[in-house]
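Notes to accompany the following structure.
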């Protein structure tokens, strides 16, 4: 299709000059309005105003400019249809072959936290309508929605003497519908958030490409990461490119870090499960305790601190091999030490806004959507059901273990002493297996004494006494678990007979 | 806002009469065109044609009808703005207070696998434009996009004497943008599929609510499931409502079932991991072998057959407690037996189309998108690196185990004999732990003999010899694993020294 007439209406006027240059060389008639019209004239090109072209005034402060049959007849007519040709002629309508439009910056205005009325004013009506019409009629019409596409259009026009190919137009058409769908997804999500309606009858998710990975979970799978925020939340300040699996571990790490008391927590992740967690006012101790839970698994892991890293911690980190370090900022001297390792991925999570409370899985034509398990715990959430009562220290340790437990893949058993995890049993089909794995891990790296007051947490109820029996026999003195088994009474009885502290939570915490 | 004038243009004419009744009672002027106009007249209501209202003919076979400033001025004017009022008066435009529109059935036409040109013709241009204009101006205009909303509108008009409240209009506006965003998401995904461009700069996912769950992964989390197909793929024919965790297990089960040779495979899932898999021509044997891998974990699990269930299998199933049975159809007598258990969830997967090859996770403002790990295996994908070579039977068993391995959460070790899984080690931060867990499981339920020719598969390479050593010491005679460790040579040497068969794959299969 030879381009004879173009309508240009762009909020973002970037890169427009080279495009105008070639259109002018090709003697394409230009139609435009408002700011774009002024810009084109200022750059010294010939251009007709939309209101001149339609012979209809621009009204309602620009709300109605291009919404006119002369524009839409020009865009939507099938060039190979005799009736269409006749109707155009009869009405003195002219074909419009190229639409260059980008929209009011709704998302940008939204992200700048403007007032509602200003946000609404930035819902573009005319732009998306023209773009959709042109995209529908891609058999004849070329549509461009983003300044980044101009160079491709220029190249295409040069290559084909002012024409575009069908393939090219179809590709632009698919990009155009992506643009309009994305635009309305952002608007719709904004409205639904206002009305707190998250589980709507229809649901749209949108993302902006942050990066294509070298590959996904495995080298034979393509993969990419998108942000629903239009910008990357995770800022990398050093090291090799992050992989799919790095990101996956980082998300696990950050979820746990955010759940810990501020400025105290260290988390180590391997294969999306924690393999070490500790909270301690002393940053170095926090790190050392987390690491000592399972120093072997920590090798090549992801480590996340919910505090600013100081030199002491950086010097300790130097001694071990990890793939990713995440922290809420870095002291200068610490960063210098860490950056010595060129490949080490360093992430500053200082600006990470993680108040989103939904998660979703898409698989086999289905999207499973749910609120995230971010419920905060207090002692009121728990019942002490054993005769023996926990002192404050043990109770706090139980709550600490229970909190970590919900971030471990089910069935999950977590052992802790003094606000550090010392054994984790994850991802097993039966609870007793998870108990055994947690205990084996503890025995492998800890020298457990009675005074350690070891506690255990379970993400769901124990179906039988055997799990608790195994834990108690290995030195566990206090257990926290959601109740709900038909054998709860038996389990309480066993706890009382063995002098074990038993606490029931009101909430279950599966994670898969 | 009192409604004085309404524009009605609906492809789906369902439920329109009661709405027309009340609008007529309230003396609302109606404008319409085409089929809707005819329908309104036929039902005996007064109505003006759009072309009469705009004084502009309908052209291009209906492609341009409502795209006119008189329509858009009427929709978009701010009723409390003097300039807007003046401009409307000057141009003899009239306010339009209610838009009742639904779109050409793009998705329906698409799902019916029509030809491309027909699909494209069903991209509605006029409808979404009017809806978006009305939704933007919800301060003054009421917009309805779906026949299911009519009863709410009727109620609202009755309650407020022909007016609508701002809250009501805002809610409808949010539903309208959901509708337009969803519509363009479907179009865009169609185009991107044509151009095989899956990892686009912007990305939109859309879903239709299949059902709200009683709760998500846990009782304190809301949850729902959506279908990207506009219909449920998973057909439940008996039993209690499926839960979030049921679905999650079902997806795991179906992915494995689909990967097995047709009409032979049984899979048992617990906590999204397999705890039993077998392939056997004899259906009953297939089930029994799968079940015997871990009869304790199978309790309360999800079981999936990639064949039609017969009476024999149904009678065996009667003996155990499971939550969900999935099969490619059921013989009548089998279904009767299964349905005796009223609560048992029964799923027919016969019509399940699972050729979608992407999966995604949404979490903390990020969407991780990747191709699914559905690569098919043949012997050419593998190198035999040990001196001892596998016979056909052992090689097939190795490939069977390796295939299952990729569906087990990493680090994964899978033990098999005779095309049945006999031990699984899942979800561990270190590979040696997964080896130990798989072996413990095998020893718990199997009486292993040398003649059993037990094989092991690992989803990623062994970093040290210790894992393989543990396996071989427990009777494993052939091992398959992706290569890539700096200790590969050491591992080959160990295999040769112990007469173990060692096969390297070209692919790694992490899953988290």
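Structure notes:
- Spin-label model distance (nm) - residue B:320 vs residue B:376, 7 Å beyond Cα toward Cβ: 2.9 nm
- Kirkwood radius and radius of gyration were both taken over the C-alpha atoms of the stretch B:193-335, and their ratio Rg/Rh is 1.03.
- The stretch A:44-113 - percent relative contact order, Cα under 8 Å, separation 6 or more: 21 percent
- Shape of the stretch B:379-505 from the C-alpha gyration tensor: rounded (a/c under 1.5, with a ≥ b ≥ c the square roots of its eigenvalues).
- For chain B, the antiparallel share of DSSP beta bridges with both residues in that region comes to about 55%.
- A label point on residue B:391, set 7 Å along the Cα-to-Cβ line, lies at 6.7 nm from each of its counterparts in the other copies, closest listed first.
- Rounded to 10°, Cα long-axis angle of helix A:431-445 versus longest principal axis of chain A: 70 degrees
- Multiplying the residue separation of residue B:80 and residue B:282 by 0.36 nm and subtracting their alpha-carbon distance yields 65.0 nm.
- Angle in degrees between helix A:166-194 and the longest Cα principal axis of chain A, rounded to the nearest 10: 50 degrees
- Cα-based shape type of the stretch B:254-403, given that a ≥ b ≥ c are square roots of the gyration tensor eigenvalues and the cut on a/c is 1.5: oblate
- For residue A:14 and residue B:357, a Förster radius of 56 Å and the Cβ-Cβ distance give a FRET efficiency of 0.95, rounded to the nearest 0.05.
- Taking every C-alpha pair closer than 8 Å and separated by at least 6 residues, the mean separation divided by the residue count of chain A gives a relative contact order of 9 percent.
- Between the stretch B:440-512 and the stretch A:274-304, the C-alpha centres lie 30 angstrom from each other.
- R0 of 51 Å, Cβ-Cβ distance residue A:197-residue B:489: FRET efficiency to nearest 0.05: 0.30
- DSSP-defined beta bridges in the protein assembly as shown - what % are antiparallel, rounded to 5: 60 percent
- Other protein chain C-beta atoms within 10 Å of residue C-beta, averaged over A:290-298: 2.
- Remark: spin-label model distance residue B:46-residue B:444 equals 7.9 nm, labels positioned 7 Å along the Cα→Cβ axis.
- Cβ-based exposure ranking for A:317, A:110, in which fewest neighbours within 10 Å come first: A:110, A:317
- Gyration tensor verdict on the stretch B:121-163 (Cα atoms; rounded if a/c is under 1.5, prolate if a/b is larger than b/c, oblate otherwise): oblate
- Hypothetical label at residue B:299: residues of the stretch A:475-512 whose amide nitrogen lies under 20 Å (7 Å Cα-Cβ projection): A:481-495, A:509-510
- Average Cα contact separation per residue, the stretch A:379-505, under 8 Å, 6 or more apart, as relative contact order %: 30 percent
- A protection proxy built from the mean count of other Cβ atoms within 10 Å ranks the segments B:420-433, A:61-74, most packed first, as B:420-433, A:61-74.
- Volume of the convex hull of the protein assembly as shown (Cα atoms only), normalised per residue: 199 Å³.
- The angle between the Cα long axis of helix B:244-259 and the longest principal axis of the Cα atoms of chain B comes to about 60 degrees, rounded to the nearest 10.
- Rounded D (µm²/s) - chain A, Kirkwood Rh over Cα pairs, Stokes-Einstein at 25 °C, 0.890 mPa s: 91 µm²/s
- Copy B relates to copy A by a rotation, and the B residue whose beta-carbon is nearest that axis, with the distance in whole angstrom, is B:427, 1.
- Label-point separation, residue A:387 to residue A:55 (7 Å along Cα→Cβ), nm: 10.0 nm
- Taking the convex hull of Cα positions in the stretch B:364-425, its mean projected area over all directions (nm²): 6.0 nm²
- Residue A:281 label point (Cα plus 7 Å toward Cβ) to equivalent points in the other copies: 7.4 nm, shortest first.
- Counting Cβ atoms of other protein chains within 10 Å of each Cβ in A:366-379 and taking the mean gives 6.
- With helices as the sole contributors, chain B gives -11500 deg cm²/dmol at 222 nm; each DSSP H run of n ≥ 4 counts as -39500 (n - 2.57), and the sum is divided by every residue.
- Order of B:144, B:277, B:414 under a 10 Å beta carbon neighbour criterion, fewest first: B:144, B:414, B:277
- Inter-copy spacing of residue B:336 label points, which lie 7 Å from Cα along Cα→Cβ, given in nm from shortest upward: 8.4
- Take each residue in A:241-249, count the other chain C-beta atoms within 10 Å of its C-beta, and the mean is 2.
- Of all DSSP beta bridges in the stretch B:379-505, antiparallel share, percent nearest 5: 60 percent
- Sorted by Cβ density within 10 Å, fewest first, the residues A:376, B:130: A:376, B:130
Every read-out reported here was derived from the displayed coordinates using simple, explicitly stated rules and does not represent laboratory data. Computed from a prediction, not measured in an experiment: that's the story for all the values here. Virtual Cβ from ideal backbone geometry, glycine too; neighbours counted across all protein chains shown.
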